[in-house]
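This report concerns only the one structure given below.
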Amino acid sequence: MSYVTAVLMWFHILGAIGWLGAAMFFGMIIGPLLPGLSPATRAELMIKLVPRFTRYVAGFAIATPVFGVALVFAIAGGDLSILSPSNPFGLFISAGAAVTIAAMTLAFVVVLPTANKIVGITKNMQQNPGPPPPELPAVQKRLRIGATTVMVLLLIVLAFMVAAGNI
């Protein structure tokens, strides 16, 4: 393995760990914790955590496939026939890439904008005390379902990548 391939693999794996780890942290720790917090604590946590969290997730969600594509080109050495679904490596890498694209699309189109919308609603509720807006439960549900779906998709990608790495 060349040094370039090793470095690309390291950055690709680091990106995947960051992205999947963030998805699991939110889906398994933060999400279930929120309903048990007081409204004031929940609001403060959302306002302070979510903007940083979404930047972190976006960075790793972009880095993972960028370094993955570069890694495939480095491994292929110009022979992209290794990506053919007719061989196991190509099948697993192609399937993993397709599911990654689905996870990225869902993350950038649904999850991150929804999380930021909740932050906006929360800030507005702090400035204008009163009952929560009627749209809040639907937005929270969309975030919960979207984030869980991204996490499941990333676990599927992980299975494909591990399978490809064992060939």
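The values are calculated or read from the model by the stated rules, or taken from the named source; none is laboratory data. Worth saying up front: this structure is predicted, and the values here are computed from it rather than measured. Virtual Cβ from ideal backbone geometry, glycine too; neighbours counted across all protein chains shown.
At a glance:
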{"quantity": "Qualifying residue in the stretch 128-148 (condition: in contact with a Leu (Cβ under 7 Å, 6 or more places away or on another chain) and either over 28 Å from Ile82 (Cβ atoms) or at pLDDT 95 or above (or both))", "calculated": "yes"}
{"quantity": "Total residues in the stretch 137-155, condition surrounded by fewer than 16 Cβ atoms within 10 Å (Cβ to Cβ) and aliphatic (A, V, I, L, M)", "calculated": "4"}
{"quantity": "Counted residues, the stretch 136-155 - those being among the β-branched types (Val, Ile, Thr) and in contact (Cβ under 8 Å) with a residue 60 or more places away in the chain", "calculated": "2"}
{"quantity": "Residue in the stretch 110-119 that is at pLDDT below 95 and among the charged types (D, E, K, R) present", "calculated": "no"}
{"quantity": "Conditions (1) surrounded by 14 or more Cβ atoms within 10 Å (Cβ to Cβ); (2) within 28 Å of Met161 (Cα to Cα); (3) of a type in the set (A, V, I, L, M, F, W, C); number of the one not met by Leu80", "calculated": "(1)"}
{"quantity": "Qualifying residue in the stretch 102-117 (condition: surrounded by 16 or more Cβ atoms within 10 Å (Cβ to Cβ), farther than 21 Å from Arg55 by Cα and in contact (Cβ under 8 Å) with a residue 24 or more places away in the chain)", "calculated": "no"}
{"quantity": "Test result for Phe108, more than 24 Å from Val4 (Cα to Cα) and out of contact with any Gly (no Cβ under 9 Å at 6 or more places or on another chain)", "calculated": "yes"}
